[in-house]
1. Is the shape of the chain best called rounded, prolate or oblate, per the rule: a/c under 1.5 gives rounded, else a/b larger than b/c gives prolate, else oblate, with a ≥ b ≥ c the square roots of the Cα gyration tensor eigenvalues?
2. Could you give each residue of the range 239-247 its phi-based ³J(HN,Hα) in whole Hz, using Karplus coefficients 6.51, -1.76, 1.60 with θ = phi - 60°, and x for Gly or Pro?
3. Quote the relative contact order of the chain in percent (integer), defining contacts as alpha-carbon pairs under 8 Å separated by 6+ residues.
4. Pick from 63, 158, 325: which residue has the top mean-square fluctuation in a GNM of the chain where Cα pairs under 10 Å get a spring?
5. Specify the residue with the greatest mean-square fluctuation among 177, 90, 78, computed from a Gaussian network of the chain linking alpha-carbon atoms under 10 Å apart.
6. Pick from 25, 149, 72 the residue whose mean-square fluctuation is largest in a GNM of the chain, springs joining Cα atoms under 10 Å.
7. For residue 99, what charge total do you get from the other residues with a beta carbon under 10 Å from its beta carbon, if Lys and Arg give +1 and Asp and Glu give -1?
8. Using a Debye calculation, one point per C-alpha and no hydration shell, please list log10 I(q)/I(0) for the range 255-352 at q = 0.12, 0.13, 0.14 Å⁻¹ in order.
Amino acid sequence: MTGYKIKFNGIDRLYDEYSWRLTRRAKQVWSQGNVLQGQYLEKFEKELAKKYKRKYAVAVGSATDGLYFALRCANITINDTVVCPALSYIATSGSIKRIGCNIDYIDTDKNGNIDVLKISDMALPKALVYVNLFGNVAEYETLKNICKRRGTLLIEDAAQSQGAKYKKQLSGTLGDISVFSFDPMKNMPSFGGGGAVLTDNKDHYETIKSLRRHGNGGNFEYGYNSLLSDDHANQLLFLLSKFDKLQKLRKKVYQRYQKNLPQFNFIGADNPHDSSYHKLVLLVEKRDELKKWLQGEGIETKIHYAKTLDDSGTYPNAESFCKQAISLPIYPFLNTHEIDLVCNKIRKFYDV
Ligand SMILES: Cc1ncc(COP(=O)(O)O)c(C=O)c1O
């Protein structure tokens, strides 16, 4: 119990909607006793790869691990460089720090994504990790061309963008390797987190599959055990079958916010590609005061993100997002009354 009238995360609503089916799915696994690396995990990986038209999908313990495993495919040494955006969740740069190499951070464009125009002059990186921030896709074709020219591994951090599209191409296919998150905050959450890595490259697939569990009987890889359990995989199989429907509901929530708040600046609103509507982020003046006021009204909001991933103070766009961004509750079963209430309170605060 958070004490909020309107909570930021709606995974409990998802459970309310599908409770007996989700519970039955979990029990199905528990009762037959094969709870790790079993048939449900295998089936989930197959279905996920099929849905995203990729040759391989490997489920892992988290997207944080997935990004790190993806980077391991690029044979990076500590003298190498990896490029990533200056604005994202800490897991994006954290995976590179775990490798231990240099990082070149790039400022964001006006949609909050990596500014592709700022990449071209940089030294040849071994890998480029980019994010479709808040569910809005970055300039994939430009990124792909830059990476192709330089022989750089393009890694799509798709933790926030499952369901988004670049032109007609689904997020999850927008990189040599793409990584999803099933964290409880994400568009397709498991009731316990998890992640998946998707690729068409057999060598990368084998590396990642081996890394997730101590080398999996091949060469030992010391120190890794990163599994998605079969009960979560079985629940995710169900949620995958409902995913498009849930995305439509999420989009409706986003559109109602937009209709109610025409005076406000929604990050990504100008992005021509289909968003996953993962986060609804406004850029506002007096952001901290607004957050406090909404809290007093029983409405939970978050700040994504309070700081840039690098604190050198050289990313003016990203830094201005950090000062102005506020994320409002968005999930498929947020009802119209609740959306209207949040919007009315915001309008009241600004007297518009
Ligand atoms: C952009 C981004 N990358 C990576 C992650 C890490 O995901 P996980 O929680 O599954 O490790 C997140 C999760 O919040 C994220 O938002």
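No lab work stands behind these numbers, since they all come straight from the coordinates. Keep in mind that this is a model prediction, so the values were computed, not measured. Quick reminder, even Gly has a Cβ in these numbers, built from the backbone with ideal geometry, and neighbours come from all protein chains shown.
1. It comes out oblate by the Cα gyration axes.
2. In residue order, the calculated couplings are 5, 5, 5, 9, 4, 5, 5, 5, 5 Hz.
3. Values: 725 pairs, mean separation 82.1, N = 352.
Relative contact order for the chain comes out at 23 percent.
4. Maximum among the listed residues: 325.
5. Of 177, 90, 78, the most mobile in the Gaussian network model is 78.
6. Greatest mean-square fluctuation among the candidates belongs to 149.
7. Numbers: positive: 72, 97, 98, 126; negative: 80.
Residues close to residue 99 contribute a combined charge of +3.
8. For the range 255-352 at q = 0.12, 0.13, 0.14 Å⁻¹, log10 I(q)/I(0) is -0.40, -0.47, -0.54.
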